1. Tell me, please, whether a residue that is hydrophobic (A, V, I, L, M, F, W, C), assigned to a helix (DSSP H, G or I) and more than 18 Å from PHE76 (Cβ to Cβ) can be found in region 4-13.
2. So ARG69 passes all but one of these: (1) at pLDDT below 95; (2) outside any helix (DSSP H, G or I); (3) under 25 Å from GLY30 (Cβ atoms). Which condition number does it fail?
3. Step by step: first the residues of region 19-59, then only those that are assigned to a helix (DSSP H, G or I) and more than 20 Å from the chain's Cα centre (by Cα), then the one that is farthest from ILE82 (Cα to Cα). Which residue is that?
4. If we keep just the residues of region 113-131 that are surrounded by fewer than 14 Cβ atoms within 10 Å (Cβ to Cβ) and at pLDDT 95 or above, which is nearest to ARG145 (Cα to Cα)?
5. Here is a check on your reading of the model: is VAL60 surrounded by 15 or more Cβ atoms within 10 Å (Cβ to Cβ), within 27 Å of LYS141 (Cβ to Cβ), among the aliphatic types (A, V, I, L, M) and without any contact (Cβ under 8 Å) to a residue 24 or more places away in the chain?
6. Counting only residues that are more than 15 Å from the chain's Cα centre (by Cα) and touching a residue at least 24 places away in the same chain (Cβ under 8 Å), which one in region 64-73 is surrounded by the fewest Cβ atoms within 10 Å (Cβ to Cβ)?
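The values are calculated or read from the model by the stated rules, or taken from the named source; none is laboratory data. As the structure is a computational prediction, the values presented were derived from the model and not from experiment. Neighbour counts are summed over all protein chains in view; Cβ atoms, including those assigned to glycine, are modelled from backbone coordinates with ideal geometry.
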Amino acid sequence: MLTSQEITNIKNVVEEFFEKMNISAEIKVGACHQDTLPIDVKVQEPQILIGERGQTLLEVQRLLKAILRRKIDKSFYIDLDINGYKKKKIEYLRQLARSIADDVTLTKKEKVLPPMPAYERRIIHLELADRRSVTTESIGKEPKRRVVVRPYP
């Protein structure tokens, strides 16, 4: 568990990171939950930091984590979100999963989703884990790994 002083230090490092990138940002650091520290960033031009399909956001998060690992001598994760992009993406993926599951249940035919990063596939699997009418499975190899939603036998 991170102390309040460590969280303050993390916020300062994140602020300095964006200052050095010459990006004006409003930083909010949330409460640590299960060793994960949410960091919400608001910027004028979020697309620069989000990138195509959120890839730049993942790389910025990875870079920040590496910097913070050197400054804070504890094991923790960060969950970086830019202008609420991840929250919107998670809600979209959950809605997509439910819609696909409904379709598979009605048609009794499997659906193959487009390739997704691991964290997006995990959202699909978790959303449909309690549905008794379908099963999910990840197939393929990175970076073309995808989720298949099948009717339950």
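1. Taking every residue of region 4-13 in turn, none turns out to be hydrophobic (A, V, I, L, M, F, W, C), assigned to a helix (DSSP H, G or I) and more than 18 Å from PHE76 (Cβ to Cβ).
2. ARG69 satisfies all of (1) at pLDDT below 95; (2) outside any helix (DSSP H, G or I); (3) under 25 Å from GLY30 (Cβ atoms) except (2).
3. LYS20
4. The selected residue is PRO114.
5. Values: surrounded by 15 or more Cβ atoms within 10 Å (Cβ to Cβ): yes; within 27 Å of LYS141 (Cβ to Cβ): yes; among the aliphatic types (A, V, I, L, M): yes; without any contact (Cβ under 8 Å) to a residue 24 or more places away in the chain: yes.
Yes, satisfied.
6. Keep residues of region 64-73 that are more than 15 Å from the chain's Cα centre (by Cα), which gives 66-73.
After this cut, where a residue has to be touching a residue at least 24 places away in the same chain (Cβ under 8 Å) as well, the list is 67-68, 71-72.
On the way: ILE67: 15, LEU68: 21, LYS71: 11, ILE72: 17.
So the residue we want is LYS71.
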